[in-house]
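A quick write-up on the structure given underneath.
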Amino acid sequence: MSALSSTVVLRPFPVLVACQGCPEFGQAARDVALLLDRQGFGEPAWLGGAQLAAARTKAKSRFPVLCLDACEKACARAWLAREGVAPQRCFVLSPAERSDLEGAARRITAAAT
């Protein structure tokens, strides 16, 4: 009987904390987080509404945490700071990426891997 050898590669499954969205920029960060979720890159955590408690639990119990903001106001980054969570990386969508969500997702996956 021969011994089988195999290699298991583990990669962290990040929590994607995305800003809630505002009238000016809509839900671009949330939409990018959903796209990254569908691609199997990470698990989104939404800021706002009834899902805030779940976002707090995910952000405080899992690592890595990636922060996605739709603009330079950096609401998601500020919320994480108030919660005492230091994200591994923060991403702010450029004006072009707000309308090219797939391009934003490609940039984030390339930068975070």
Which one of VAL65, VAL92, VAL85 is among the β-branched types (Val, Ile, Thr), touching a Pro at 6+ places or on another chain (Cβ under 7 Å) and surrounded by 12 or more Cβ atoms within 10 Å (Cβ to Cβ)?
VAL65
For PRO23, are the conditions met, namely being open to solvent by less than 40 Å² (accessible area, probe 1.4 Å) and farther than 19 Å from GLU102 by Cα?
no
When restricted to ASP31, ASP37, the only residue open to solvent by 20 Å² or more (accessible area, probe 1.4 Å), assigned to a helix (DSSP H, G or I) and touching a Pro at 6+ places or on another chain (Cβ under 7 Å) is ASP37
Examine the stretch 101-112 for a residue that is open to solvent by less than 50 Å² (accessible area, probe 1.4 Å) and either on the phi > 0 side of the Ramachandran plot or aromatic (Phe, Trp, Tyr) (or both), and state whether such a residue exists.
no
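The values are calculated or read from the model by the stated rules, or taken from the named source; none is laboratory data. Source: prediction; values computed, not measured. FYI the Cβ positions are ideal-geometry reconstructions off the backbone, even for glycines, and counts take in every protein chain you see. Ligands, DNA and RNA are excluded from the accessible area calculation, which covers all protein heavy atoms including side chains. Shrake-Rupley method; radii C 1.70, N 1.55, O 1.52, S 1.80 Å.
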